[in-house]
1. Could you identify the single residue in Glu168, Glu247 that is of a type in the set (Asp, Glu), touching an Asp or Glu at 6+ places or on another chain (Cβ under 8 Å), in contact (Cβ under 8 Å) with a residue 40 or more places away in the chain and over 22 Å from Ala116 (Cα atoms)?
2. Mind listing whichever residues of the stretch 153-172 are surrounded by fewer than 19 Cβ atoms within 10 Å (Cβ to Cβ) and outside any strand (DSSP E or B)?
3. Considering the stretch 107-131 alone, what residues qualify as being under 15 Å from Lys185 (Cβ atoms) and surrounded by 15 or more Cβ atoms within 10 Å (Cβ to Cβ)?
4. So, of the residues in the stretch 305-354 that are β-branched (Val, Ile, Thr), touching a residue at least 60 places away in the same chain (Cβ under 8 Å) and in a loop (DSSP other than H, G, I, E, B), which turns out to be surrounded by the fewest Cβ atoms within 10 Å (Cβ to Cβ)?
5. Just the residues that are outside any strand (DSSP E or B) and either under 19 Å from Gly406 (Cβ atoms) or more than 21 Å from the chain's Cα centre (by Cα) (or both), please, taken from the stretch 276-304.
6. So which residues in the stretch 268-292 are touching a residue at least 24 places away in the same chain (Cβ under 8 Å) and under 17 Å from Gly234 (Cα atoms), if there are any at all?
7. So, in the stretch 355-389, how many residues would count as being touching a residue at least 12 places away in the same chain (Cβ under 8 Å), not small (Gly, Ala, Ser) and not in a strand (DSSP E or B)?
8. State whether one or more residues within the stretch 230-248 are at pLDDT below 95 and under 30 Å from Gly372 (Cβ atoms).
Amino acid sequence: MRKSLFVVLLFFIATNGFTQNPNNRAKDSIKIAQDSLKKTEFLKNIGNGFFPFNYFNADLRYLVKFNQFEGFRTGLGGVTNDRFSERYRINSYLVYGFKDKRYKYKIGGGFRINEASNSWINLSYIDDLQETGSSSFLTDKRFFTFFEPRLLNIDLFHRHITKSIALEHKISNHLLSETQLAISKINPTYNYNFVLGARSFNTFDISTAKISLQWSPFSIFKLEDNTIKETKDGFPKFTLQVTKGFESVFGSDFNFSKLDFRTIQEFKHKNDAITNITLVAGIAGGETPLTHLYHAYPNNITKETILQRFSVAGLNSFETMYFNEFFSDKFSTLQFKHFFKPFKISDWFKPQLVLISRFAIGDMNSIDRHQGITFNTLKHLYSESGFEINKLLFGFGLSFAYRYGGYHLPNLEDNIAFKFTFNISL
């Protein structure tokens with residue numbers, strides 16, 4: 001009898017164990033999969049520069065920065081996420097510069113008018129600084145790095161108070177557009193006067209209309225989880241932006257126009273090497289102040305020795321070109337980068353060699369309109385070449401560049417830029 005009961009009990013335990021174990025394993029598998037998805041989504045947000053909360057994603061760009069005008073700049077900002085609303089969003093920030101002792105902020109938001117085309121109307125009010133001569137495309141995807149090298153040494157900023165309304169619209173998966181109407185009050189933080197005949201402006205109002213198009217004809221998109229996702233980042237890519245400034249519209253002082261263009265090509269070789277080619281061009285006509293003209297992405301500080309100029313190399317900047325050395329109303333830059341396959345010295349030590357050549361050319365009409373600041377033009381071809389050895393230690397590496405050609409300087413060491421690099425990816 002005892003043996004029979006023991007056999008029945010053993011059979012019950014065994015069958016119960018085998019019947020329950022798959023369910024436990026299934027639950028564990030589901031939990032592991034959910035945790036993996038959460039981790040992937042979290043890292044994706046961090047990689048895009050956001051720290052996610054329940055209804056709000058904090059923007060890491062506003063935590064800490066440094067430049068020559070503001071010193072340390074710190075604050076908070078972010079954007080609401082889909083948990084808050086899939087139709088409405090709030091996008092704002094507040095920062096403080098310790099050197100200029102000023103608050104800067106943005107109050108913004110938007111609402112979606114069409115889900116299929118991902119069409120949004122966005123409104124914003126911004127009181128902040130902008131680098132003079134800088135330009136960007138409205139349709140650029142969000143670009144985030146944990147460390148922005150050029151920002152450290154920039155000292156030429158203008159303050160702007162800008163009110164804008166914009167429409168972002170996906171014409172097709174391959175063609176994105178954004179249109180913006182904006183009114184800005186511009187106040188350079190440096191000694192500058194824009195002279196037009198008998199008139200001289202040290203502050204001014206500008207009303208602009210912009211339309212930007214980004215075309216990625218070779219990217220591949222697929223429907224996943226009821227969402228169109230880019231499964232292959234195809235090249236080349238093309239971006240075009242037209243800007244028109246209107247005189248006497250909402251008190252605007254100037255009439256001007258700008259045309260900006262960029263194309264990026266990338267070749268992936270069989271040996272895992274990558275060649276990247278970037279062409280950027282811009283032209284401005286009419287009554288365009290220096291604030292809205294072009295520099296050529298300089299990233300070299302004006303110091304006597306190479307070691308005094310030792311800083312951080314940028315991602316797409318001219319390392320031997322000094323800040324505020326050149327400005328143009330028409331310019332073009334061409335950059336070649338060849339990334340060799342990383343050298344696998346060990347599982348954790350994989351440095352990578354990158355060969356780089358950059359070229360710039362430009363000019364400026366009516367240079368005498370811009371008073372109070374001294375600069376050159378790029379009538380002759382500006383050339384620099386060099387290399388980077390990245391990821392030597394904790395994402396840090398070294399960079400070397402040499403300036404030659406039409407703007408080669410008499411003192412040899414003034415043509416040399418030796419810096420460190422910082423590259424990290426999630």
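The values are calculated or read from the model by the stated rules, or taken from the named source; none is laboratory data. Only a predicted model underlies this, so the values are computations on that prediction, with no experimental measurement involved. Glycine also receives a Cβ, built like all others from the backbone with ideal geometry; neighbour counts cover every protein chain displayed.
1. Numbers: Glu168 fails: over 22 Å from Ala116 (Cα atoms).
Criteria check complete, one pass: Glu247.
2. Asp155 - this is the single residue of the stretch 153-172 that is surrounded by fewer than 19 Cβ atoms within 10 Å (Cβ to Cβ) and outside any strand (DSSP E or B).
3. Ser124, Ile126, Asp127, Asp128, Leu129, Gln130
4. Filtering first and then ranking leaves Thr305.
5. Within the stretch 276-304, Glu287, Thr288, Pro289, Leu290, His295, Ala296, Tyr297, Ile301, Thr302, Lys303, Glu304 qualify.
6. Within the stretch 268-292, Asp272, Ala273, Ile274, Thr275, Asn276, Ile277, Thr278, Leu279 meet the criteria.
7. Total meeting the criteria: 11.
8. Taking every residue of the stretch 230-248 in turn, at least one turns out to be at pLDDT below 95 and under 30 Å from Gly372 (Cβ atoms).
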